[in-house]
1. Give me the dipole magnitude in Debye, nearest 20, for the range 3-241 about the Cα centre, with unit charges on the beta carbon: positive for Lys and Arg, negative for Asp and Glu.
2. Which of Val578, Thr348, Thr443 sits closest to the plus end of the dipole of the chain, meaning its Cα is farthest towards the positive end, when Lys and Arg get +1 and Asp and Glu get -1 on the C-beta?
3. When the convex hull of the C-alpha atoms of the range 463-597 is computed, what volume per residue in Å³ does it have?
4. How much length is gained on full extension from Glu108 to Ser424, taking 0.36 nm per residue of separation minus their Cα-Cα distance?
5. Nothing charged except the Cβ atoms of Lys and Arg (+1) and of Asp and Glu (-1): what's the magnitude of the dipole of the range 438-587 about its Cα centre? Round to the nearest 20 debye.
6. What is the calculated FRET efficiency for Ser500 to Cys91, with r their C-beta to C-beta distance and R₀ = 51 Å, to the nearest 0.05?
7. At a threshold of 8 angstrom on Cα-Cα distance, excluding pairs fewer than six apart, so keeping six or more, what relative contact order does the range 68-209 reach in percent?
8. Ranking His482, His71 by Cβ neighbours within 10 Å, fewest first, what do you get?
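Readers should treat all values here as calculations from the given coordinates under stated rules, not as data from a laboratory. Small disclaimer: the values here were computed from a predicted structure and weren't measured. Backbone-built Cβ (ideal geometry, glycine too); neighbour counts: all protein chains shown.
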Amino acid sequence: MCGITGYVGYRQADKILFECLKKLEYRGYDSCGIALVTKNGLSIFKDQSRVGDLEKKYVKTKTKATAGIGHTRWATCGEPNATNAHPHSDCSKNIATVHNGTIDNYLELKKALTKKGHKFKTETDTEVFPHLVEEYMKDTDAETAFKKAFAELKGSFAIATVIGGEDKIYIGRINCPLVIGVMDGEYIIASDSTTLLKYTNRFIYLQDGDMGVISKDKVTLFRNGKTVKPKIVSVENKYDDTELHGYPHYMLKEIHEQPRIISSTIDDIEQLTLLINQINKDLGGIKMIRTLSCGSSYYSSLILRYLAPQLLGIPTFAELGSEYCSLTVAPKGSLAIAISQSGETADTIKAAKEAKAYGYKVLAITNVSDSQLSRLSDYTWITKAGPEISVAATKTVMSQAAWMYAFVLANPSLRTLQKKASISSFRKVPELMKQLLEQNDETIEVAKYLKDFEDIIYISRGITYPIALEGALKMKEIAYIHSEGYAAGELKHGPFALLSEDIPVVALVSHDKDYSSLVTNLREIKTRKAPLIVITDEKDIMLENLAEKTIVLPKCDATYVPLLHLVEVQLLAYYTAVERNNPIDFPRNLAKTVTVE
Ligand code: F6R
C-alpha cells in the first residue's frame with residue numbers, strides 16, 4: 001500500500017510534494033515524509049503524523065529544492081513509527097527511497113549488505129534499496145547502480161529514489177502502480193493519476209518491470225533492458241469535488257450523495273444495454289458470471305448472485321479476490337465481473353488477471369477510469385460516484401449495488417413488461433432515500449444505545465443478507481465495535497451459543513418472500529434474551545412485539561428495499577462512531593486503497 005510521489009522541475013518541490021501527499025493519504029496515513037535534493041546532499045523530513053501536521057512543522061525549515069520525493073505510509077513491514085517512516089536512506093544519507101509494496105527477499109539482501117558493512121536503522125524492507133544502490137555506486141554510475149539494484153528485488157513494488165546533488169528521480173515498478181505526469185520543463189510522479197490532475201492531464205503509465213530516470217526536461221524509460229520511447233496518454237480532466245460543503249465529515253456528506261448516484265445509474269441503463277449487447281455478441285451470450293471483488297465491493301457483488309440467476313437465469317458465483325482459485329478453463333460464455341471502486345485492489349487485480357488467463361472475458365466495474373483494473377479488463381463500466389474521501393466506502397458501494405440492479409434491468413433477456421414496471425419503481429428510490437436521510441432521530445437513539453456494547457450481530461435473509469454483512473463491516477470499521485453479519489438461518493448452526501443480553505442483534509427485515517422465515521428466527525433470538533433492533537420497511541404487530549427498538553424505512557417496492565437498508569446501516573455505524581468520538585473519515589489501521597495482497 002502506501003502512496004508515493006515525486007517532483008522535478010523549476011518550482012519549489014516541497015509545496016507540490018505535500019499537496020500530492022494529502023491526496024494520497026487514502027492509501028495509508030500511519031506516517032509520512034519527504035526527501036528534497038539540495039546542492040550538497042538531501043534534506044529528509046519525516047514523522048509518525050498526518051501530512052498536514054508534518055507540513056506545519058516543516059514550514060520553519062523551508063528549502064528552495066526543485067526536486068524531491070514523498071511518501072505516506074500504511075505499515076506492512078515494521079511498526080508504524082517515526083523511524084520506519086519513509087523516505088529511507090543509505091549509510092551516507094545521500095540516497096533516499098520511497099516505496100509502495102513489499103520486497104519479499106529483503107532479509108537475504110539485508111544480511112548480505114550487513115556483511116559488507118552497511119548499517120540498518122529501521123525494521124522496513126524498503127531500507128535495503130538505498131543501501132543496495134550505495135553498494136553498486138562504489139563501482140559504477142548512479143543510473144547503472146539503480147538498474148542493478150532494482151533487478152535484485154523480488155516482490156511487488158513501486159519505487160522512487162533521489163540522490164544528493166542530482167536533480168533527478170529514479171523510478172521503477174512491478175505490480176504496484178506508478179504514473180508520470182508530463183508538463184513543460186517539469187515532471188511529477190504519483191501512485192495514481194487523480195492526484196496529479198491539478199497539474200496535468202498528460203500521463204506516462206509505467207508497465208510492469210519498467211524503470212526510468214526523470215530530469216526536468218526528459219524521461220528516459222527502460223523496458224526489458226532496452227530504452228523505449230515513453231507513450232504519453234491524455235485523459236479527460238474530471239471535476240474533483242472534495243469540499244465538505246458544511247458536513248462535519250466526508251462520510252456523512254458521501255452518504256447524502258447517494259440519491260444522486262441512484263438517479264444517474266438509472267439514466268445510464270440504455271448505455272449499459274449497449275455494453276451488454278456487445279458482450280453477448282463477443283461471448284455468444286452470457287451463460288455464466290463469476291464476480292471477483294473484496295470487502296464492501298464483494299458484498300455488492302453478492303446482490304448480483306441473488307438477482308442474475310432469478311431474473312436472467314444466469315448462474316452467478318461470487319468470489320473473494322483474495323481467495324479466488326479458478327482451476328478450470330472458462331466454459332464458453334463465461335464472464336468475470338471484477339468490482340473495485342479504486343480499481344487498484346491487489347487481490348482483485350490478481351484474480352482478474354488469473355480469470356483472463358483462464359479464458360474469461362473480464363468486465364471491470366470501477367470508479368476510477370484509468371485504474372489498473374480498467375486497463376487490464378476487456379470491458380469497463382465507470383460508476384458515477386465521484387471521488388470518495390472517507391476511508392469507509394459508502395457512496396461507491398451504493399453505486400455498485402445500484403449497478404447490480406441496472407445490469408439486470410439493462411439485460412435484453414428481461415421481459416419488457418417486467419423491465420418497465422421495475423424501472424419505474426427504481427426511479428422512486430432516490431426520493432425515498434432523501435426522506436430516509438432526513439429522518440435521523442430513531443437512528444441516533446439506536447446509536448446511543450449500541451455505543452457501549454462490545455459485540456453486535458447483524459442478520460438478514462435473501463438479497464438483504466449482503467447488506468447485513470456490509471452493516472457489520474461498517475460498524476467494525478468506524479465504530480470499532482466487534483460486529484458479525486450472518487444469514488439469519490445460520491445463527492442456529494453455532495452462533496446461537498453467543499446470544500445473551502450483552503449481544504444485540506440488528507435484524508434487517510423486508511416484507512418480501514423471506515419475511516416469515518426471518519420472523520421465526522427473530523422469535524428464536526428473543527427467546528435467548530438478546531436485545532433485538534429491527535430495521536424494517538414496514539411496522540407490524542409481530543415486529544413490535546419482538547423488537548427492543550425499531551427503525552422504519554420509507555415504504556418502497558420490495559425489490560429495492562435493500563438499497564434503503566444499505567443507507568440505514570451506514571447511518572447507524574456513522575452515528576455510533578460519532579457517539580464514541582472516533583475519527584470517522586480516517587479510522588485506525590486502515591487505508592482506502594489496498595494495494596498489497
Ligand atoms: C470498506 C471498504 C473496503 C473496500 C475494499 C475493496 O468500507 O472500503 O472493504 O471495499 O478494500 O476496495 P475496492 O472497492 O477499491 O476494491
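1. Working: 36 positive and 31 negative charges, 84 e Å.
My answer is approximately 400 debye.
2. Of Val578, Thr348, Thr443, it is Thr348.
3. On the way: hull volume 18.0 nm³, N = 135.
Roughly 133 Å³ of hull volume per residue.
4. Values: separation 316, 0.36 × 316 = 113.76 nm, distance 6.27 nm.
That pair, Glu108 and Ser424, stretches by 107.5 nm at full extension.
5. Numbers: 15 positive and 25 negative charges, 75 e Å.
For this selection, approximately 360 debye.
6. Values: r = 59 Å, r/R0 = 1.15.
So, using R0 = 51 Å, E works out to roughly 0.30.
7. Working: 244 pairs, mean separation 29.5, N = 142.
Rounded, it is 21 percent for the range 68-209.
8. Details: His482 14, His71 33.
Ranked by crowding around the Cβ, least crowded first: His482, His71.
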